[in-house]
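Since every read-out is calculated from the coordinates, none of them should be taken as a lab result. None of the values given here were measured: they were computed from a predicted structure. Neighbour counts are summed over all protein chains in view; Cβ atoms, including those assigned to glycine, are modelled from backbone coordinates with ideal geometry.
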Amino acid sequence: MKTEKKAIVVNDSLFSEIEYDPLAPSRAAFYSTVLPGLGQAYNKKYWKIPIIYAGMASGVYFYKKQNEDYNRFRDAYKRRLAGYKDDEFYGDGNEPIISNDRLINAQKSAQKNKSVSIIVTAAFYILNIIDANVDAHLRQYEVREDLSLEPNLELNPLNAQPQYGLSLTYRFK
């Protein structure tokens, strides 16, 4: 009688079938540096691209708007210093609607808002690069439904008071 040898094959569940590319995070960050949103496209997170462009576009829009306001206030103030009384902030009579001090304050406020707009635009650009890098790093981890977090409400049998809590559950296969 012949004895047959059988090989037992065990699937290793610790390693995923997809091979991880260690240069993917730096590649994604580089792509997002060159063209904002390209790193998110590389990571196949297309839904983030409109958010990036909306944030950057709003920063540019408000910069342009505040720059126009700043120039209006500055030009009116300069014309008043030159002795003219025909700027848009002058009333029909000889009395100004907005005083010179108020024009100076408006210029300072518009200048500050221009700076904030630049910071917002730069922040969206930098967050775009960081997001692409982190997202590419996290692609190596396998996310399953084995981990759950759910709130829990029970009544204490001793004093009939509600007890609140969180339950963290990990299910092994």
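Segment A54..Q163, full-extension length gain: 34.8 nm, with 0.36 nm per residue of separation and the alpha-carbon distance subtracted. Other residues whose C-beta falls under 11 angstrom from the C-beta of D135 contribute a net charge of +3, scoring Lys and Arg +1 and Asp and Glu -1. Normalised radius of gyration (Cα atoms, divided by 2.2 N^0.38 Å) for segment 40-86: 2.07.
Please go through the residue pairs K64/K85; K65/K112; K64/K108 and name each one whose alpha carbons sit more than 21 Å apart in this structure. Can you show the working numbers first?
On the way: K64/K85 27 Å; K65/K112 13 Å; K64/K108 16 Å.
Where the Cα-Cα span goes over 21 Å, the pairs concerned are K64/K85.
Using the empirical formula 2.2 N^0.38 Å as the baseline, the Cα radius of gyration of segment 70-141 reaches a ratio of 1.97.
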